[in-house]
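J.: Have a look at this one.
The values are calculated or read from the model by the stated rules, or taken from the named source; none is laboratory data. The model shown is predicted, which means the values in this text are computed figures rather than measured ones. Neighbour counts are summed over all protein chains in view; Cβ atoms, including those assigned to glycine, are modelled from backbone coordinates with ideal geometry.
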Amino acid sequence: MSVFTFTCLLLIGSSAPGADADGDRDGLSDFLELHKYGTNPKKADSDGDGIDDGDWLERREYAYTVRSVVQVMKPVTIEFLNDDFQDARLLFDGKDFAELEVIHYPFNTVNDAIGSSDKWRRPKKDLKVWLEAGETSDWTSTMRKDLLAALAKDGIDVAKLGDREVVEQVSRWLMKHAEYHDGFSSFITSFDEAGAPYIAEDLIDAAERDAAEAGMTIDEQWEREVSACGMFNTGRRGSCTSSAIYMSGCMRAVGIPTRTVLCIPLVDANDEREVELVQTRLTHHALRQLVMTSTRKAKGSWTSHTFNEVWVDGRWRRLNYDNLGQNILDAHFLGLMTHIATFQDWADARMPDTVGRRSQLSVQSELFGGPNPYSTISLSDSFGVHCTLDNPIPDERTLAVGDLRWTDDTALPAEIVSNCERRGRFGLIATVENVTSQADWRKFLGNADLRVWLEAPGNPRLGIGFDGGCWWCPVDGGTAHIYLPLGAGDKRDLVEGVDYQAVARNENDGFAWKLDLKIRR
């Protein structure tokens, strides 16, 4: 078992290893003053009020922030929680849970500043722990050789690339290499002193049931879900946590320092009191709408998200599957994420002792308002006194298409894929966010121009459109899906391997689609 000790320290604004430059010595790095806080990196007291920018409250005066007080079942690694996207401090350290005050900076520009460096081939001493193999990130020299050979065969020569290009190209390759299957043994698997996986006695029944449903033995599940080497060799991976384990081991094998982060949503969607906090305490209209949309989707579910951070261009960058530059504000990933833990290896989390046991055995306590192992007890937001962020009221006559996928894309909800297959439907499915209600959705479809172009230079333009009679939308609103069929002629003219730009015609007055997406068959 690798040893990784988590202490209750409070570190402010550091992206260690290697502290960022702090030219004005106000306790905030120059990078974070520019991209997180909005303060002046050349002045310790940006507004001249006699209080340095590094003060806990002063640093918020140039930004829009969301403040939450959340109780979280352990593990919680407070020493990692002051990052590029949030500040956190420990309010109470209980036996089984921690109470945190978290300040979120959702409109940061951190990901606009991801560069590339060729220094990654000579990692500093402090980074080498994030390259080591662990119980789950168990890469070997043989696996490394095989991985590099497979990458080279597909035209990816990591020796000639900067670290950003390595991460972007290798992560895309890895996601394609390992097929996703629905498996979730990562929260109930323990590891003995020799690093071998096992299931605690009171969890064996649940583990065997899950393995049987997946059509595998427990050993086969371990190979495909909690072993990076096993997932590379079998070409299969499981949940988000499993994918993060896979990515961690494989990225380390090619030489990129990688760690694993665990995030929870702003509130538990199953606790009506917490949902009401979002509705009544968040005053930024668009952010509140986005968080509410994500919260509606999470109702009835066990919700958290595990992904990675990689050391790129001199700091830790978020890598979510193959998306380098994951922000904390994202309608598709928890709405507004709260970072609660960082691990060198997933085995260090010891999840079966806490969260895994609670989940599998449905063990709940009065501490948390819903079934999830966290509860937000206070929520507010703030436009800093010097913040210039606009706060327009969303126009309900404009709806944004957040995603386009082909009707046979398994990333879509299963009922939509099966419905299209059963009815012989072929075309696109659009995901539309922030629909206020089913009644308003019907009204919008009755007034908006439903026609859409698919355009690609040098290829015939395809004329398709939203099908106002084929859609999926909750009664109380949230996220809607709508079918865009391809007719026989357009299907004939469709060229595979070409990026098509989807363009809404929007010739009707008053109601419009916001559509700026590319799609490839």
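J.: Considering only residues that are in a helix (DSSP H, G or I) and β-branched (Val, Ile, Thr), look in segment 252-307 and name the one that is farthest from the chain's Cα centre (by Cα).
T.: The selected residue is THR280.
J.: What number of residues within segment 473-516 satisfy the criterion of being within 18 Å of THR293 (Cβ to Cβ) and either touching a Cys at 6+ places or on another chain (Cβ under 7 Å) or among the hydrophobic types (A, V, I, L, M, F, W, C) (or both)?
T.: Within segment 473-516, residues that are within 18 Å of THR293 (Cβ to Cβ) and either touching a Cys at 6+ places or on another chain (Cβ under 7 Å) or among the hydrophobic types (A, V, I, L, M, F, W, C) (or both) number 6.
J.: Run down VAL167, VAL158 and say which single residue is surrounded by 12 or more Cβ atoms within 10 Å (Cβ to Cβ), more than 30 Å from PRO413 (Cα to Cα) and in contact (Cβ under 8 Å) with a residue 60 or more places away in the chain.
T.: VAL158
J.: Now, a different point. Restricted to segment 25-45, and to residues that are in contact (Cβ under 8 Å) with a residue 24 or more places away in the chain and within 23 Å of ASN111 (Cβ to Cβ), which residue is farthest from the chain's Cα centre (by Cα)?
T.: LEU28
J.: Being surrounded by 19 or more Cβ atoms within 10 Å (Cβ to Cβ) and modelled with pLDDT under 90 is the requirement here; does VAL435 meet it?
T.: yes
J.: So, of the residues in segment 374-418 that are among the acidic types (Asp, Glu) and touching an Asp or Glu at 6+ places or on another chain (Cβ under 8 Å), which turns out to be nearest to THR293 (Cα to Cα)?
T.: Top of the filtered list is GLU396.
J.: Being farther than 26 Å from VAL275 by Cβ and either within 24 Å of the chain's Cα centre (by Cα) or among the β-branched types (Val, Ile, Thr) (or both) is the filter here; which residues of segment 377-411 pass it?
T.: VAL385, THR388, LEU404, ARG405, TRP406, THR407, ASP408, ASP409, THR410, ALA411, listed by residue number.
J.: When segment 386-407 is examined, which residues are found to be aliphatic (A, V, I, L, M) and in contact with a helix residue (DSSP H, G or I) (Cβ under 9 Å, 6 or more places away or on another chain)?
T.: Residues satisfying the conditions are ILE393, LEU399.
J.: Exactly one condition in (1) crowded, with 21+ Cβ neighbours inside 10 Å; (2) under 30 Å from ARG350 (Cα atoms); (3) in contact with a Phe, Trp or Tyr (Cβ under 8 Å, 6 or more places away or on another chain) is false for GLU99; which is it?
T.: Against the list (1) crowded, with 21+ Cβ neighbours inside 10 Å; (2) under 30 Å from ARG350 (Cα atoms); (3) in contact with a Phe, Trp or Tyr (Cβ under 8 Å, 6 or more places away or on another chain), GLU99 comes up short only on (1).
J.: I've got another one for you. Of the conditions (1) in the same structural domain as ASP219 (by TED's automatic domain parsing); (2) modelled with pLDDT of 95 or more, HIS181 clears all except one; give me its number.
T.: For HIS181, the exception is condition (2).
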